[in-house]
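As structure tokens, the structure follows; a few thoughts come after it.
Read-outs throughout are calculated quantities, based only on the coordinates presented, and are distinct from any laboratory measurement. What you see is a predicted model, and the numbers here were worked out from it, not measured in a lab. Please note: Cβ atoms are built from the backbone with ideal geometry, for glycine as well, and neighbour counts cover all protein chains shown.
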Amino acid sequence: MDEIAGAKATSTNGKHKLPGPKGLPFLGMALEIRKDPLGTLQWMAREYGDIVGFQALGMPRVLLSRPEFVQQLLVLDHAKLRKSPLTKMAVGPLLGQGLLISEGDFWRRQRRLAQPAFHRVRTNAYAPVMVECALEQAKQWRGGEARNIAEEMMKVTLEVAVRTLFGTSLASDSENIGRATTFLMRYHLSRARTPWRVPRFLPTPANRRAERERDLLDSMVYRIISERKKETQPRNDLLTLLMAAMHEDGTQMTEQQLRDETMTLFLAGHETTALSLSWTWYLLGENPAAEARLHEELYGVLGGRPADVGDLEKLPYLNAVVNEGLRLYPPAHMMARTNAEPVRFGGYEIPPGRTILASQWIMQRDPRFFEDAERFLPERWLDGLMERLPAGVYFPFGDGPRRCIGQGFAFLETALVIAALAQKFQFRLLPGHPVVPEPLVTLRPKYGIRMRIMKRAGSDD
Ligand code: HEM
């Protein structure tokens, strides 16, 4: 989850110079990268190979696109690497020392603490809430109307996250929360990308708005925590686990730590899943044959009722649709690490302090591993492709010790929401609406995804 902008030829201090753009072609490319970061990175990987060195914002970067190198980055050399400073600058001001960016023993302890809340049995118990939230949102839709499906999905997953993880509801606040999150993501990322930043304490319009939006999110998180503290009935959700957790010396998490973890799980827990749903609706809308096959499978197995966990193994095409959506539009499109000590990839030694990148967007669209790589073909997953792919090619949830804690939760939610809604509705992109993936911390549709919502014949409401 990083960006590149402006690049010039670079080398490591090691024996071999890294391949990469050099000299004049590079100047034009700096502009290209600003204009089209995903396409330019993809081009660099194809042009220069499995390891590329370049500079962005005056910082040397390394891009890896050989599966073994990606595995090494995320799994084997995990202990030598940290989350990149750019990631920390982009999300740190909002997430503090939450699970996503904390490091070392502190991270390990917090991860152990949160892990039981994501146990499969517990996650599966959330299935009815996931379906309920989707159907409740859909009650507001009138047949034939156009809506921004990305916003609609954000509302669904926001409500799922707060109901399941924190045992409360936020429906009336969801618009404000969505707006605040989008603004803060753009604001912090653009600050992280800019070497000359206006200090945050100066009262510029952007700084003042950032403060207001952050206060809004903070007050929501603190309200959730304080409501829970007043409750006398014991509960069994994530927030309870976090609040009850004890350090070895017998002290509990400070208010600040509790805030950071709650904010992290709240944001990581709803934003990415909303994107996986939104991109999948877009892909289905653009591929009516796949959509028809999905509908046939769903209707054959479920006959119009929502799916439950036990149904998923009878719905191979639905699983394939979710995998394929995550392949083409991975909500987390880039992993970024920095090395505290030298690391070696193949014949290249990377000196400490480099930003090292591996991109889901690049690997998962690589024609070396996927036939017709740019096309939406859920069928490709039906004959054991997942098992045949080398590790380091398909990693929408990351890999290694820092793999997504919410993977099971997210997959279940995406599959159940699609199963429930695809039986009732068809979504079609409005003609002329531009769908542009914007690689912020997550891969967002820059102008939203405006789709016409059509009720299926026989759908009861
Ligand atoms: C489709 C949805 C999702 C995608 C694509 C996704 C993707 C990822 C990825 C790629 C990472 C690894 C980041 C890295 O190694 O730098 C990650 C970490 C994480 N995710 Fe997710 N995620 C999703 C849903 C969720 C959900 C539903 C939750 C919680 C309810 C969640 C919570 C987290 C947390 C806390 C981490 C940090 C884990 C750690 O470092 O120990 N994610 N996610």
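See the values below:
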item: Cα centre as origin, Lys/Arg/Asp/Glu Cβ charges: segment 339-461 dipole, Debye; result: 480
item: Restricting segment 157-233 to GluC sites (Glu not before Pro) in coil, as DSSP defines it, with at most 13 other Cβ within 10 Å; result: GLU231
item: Across LYS139/LYS229; LYS155/LYS455; LYS88/LYS446; LYS17/LYS80, pairs whose alpha-carbon gap is larger than 25 Å; result: LYS139/LYS229
item: FRET efficiency, 1/(1 + (r/R0)^6) with R0 35 Å, evaluated for GLN256 and ARG344 via beta carbons; result: 0.35
item: Computed lengthening from ARG122 to LEU135, 0.36 nm per intervening residue step minus Cα-Cα distance; result: 2.5 nm
item: Cα pair count fraction exceeding 44 Å, expressed as % - the chain; result: 11
item: Ascending count of other beta-carbon atoms within 10 Å, so fewest first, for TYR126, TYR222; result: TYR222, TYR126
item: Cβ charges +1 (Lys, Arg) and -1 (Asp, Glu), total dipole of the chain, debye; result: 1320
item: Relative contact order (%) - the chain, alpha-carbon pairs under 8 angstrom, separation at least six; result: 26
item: Spatial separation of Cα centroids for segment 356-370 and segment 253-287, in angstrom; result: 22
item: Dipole of the chain [Lys/Arg +1, Asp/Glu -1 at C-beta], most positive-end residue of GLN426, ALA117, GLY178; result: GLY178
item: Chain lengthening between GLU145 and HIS295 when straightened (0.36 nm per residue, less Cα-Cα); result: 51.9 nm
item: Extension gain from GLU438 to SER169, taking 0.36 nm per residue of separation minus the Cα-Cα distance; result: 93.9 nm
item: Expected 222 nm ellipticity per residue - DSSP helices of 4 or more, -39500 (n - 2.57), all of the chain, to 500; result: -15500 deg cm²/dmol
item: At R0 = 30 Å, FRET efficiency that the Cβ-Cβ distance of ALA457 and GLU379 yields, to 0.05; result: 0.70
item: Percent of alpha-carbon pairs separated by more than 28 Å within segment 264-417; result: 26
item: Rh by Kirkwood over Cα pairs, then Stokes-Einstein D for segment 115-163 at 1.567 mPa s and 4 °C, µm²/s; result: 107
item: For segment 289-305, 3J(HN,Hα) per residue [Karplus equation, 6.51 cos²θ - 1.76 cosθ + 1.60, θ = phi - 60°, Hz, x = Gly/Pro]; result: 5, 5, 4, 5, 5, 4, 4, 4, 4, 4, 5, x, 8, 9, x, x, 7
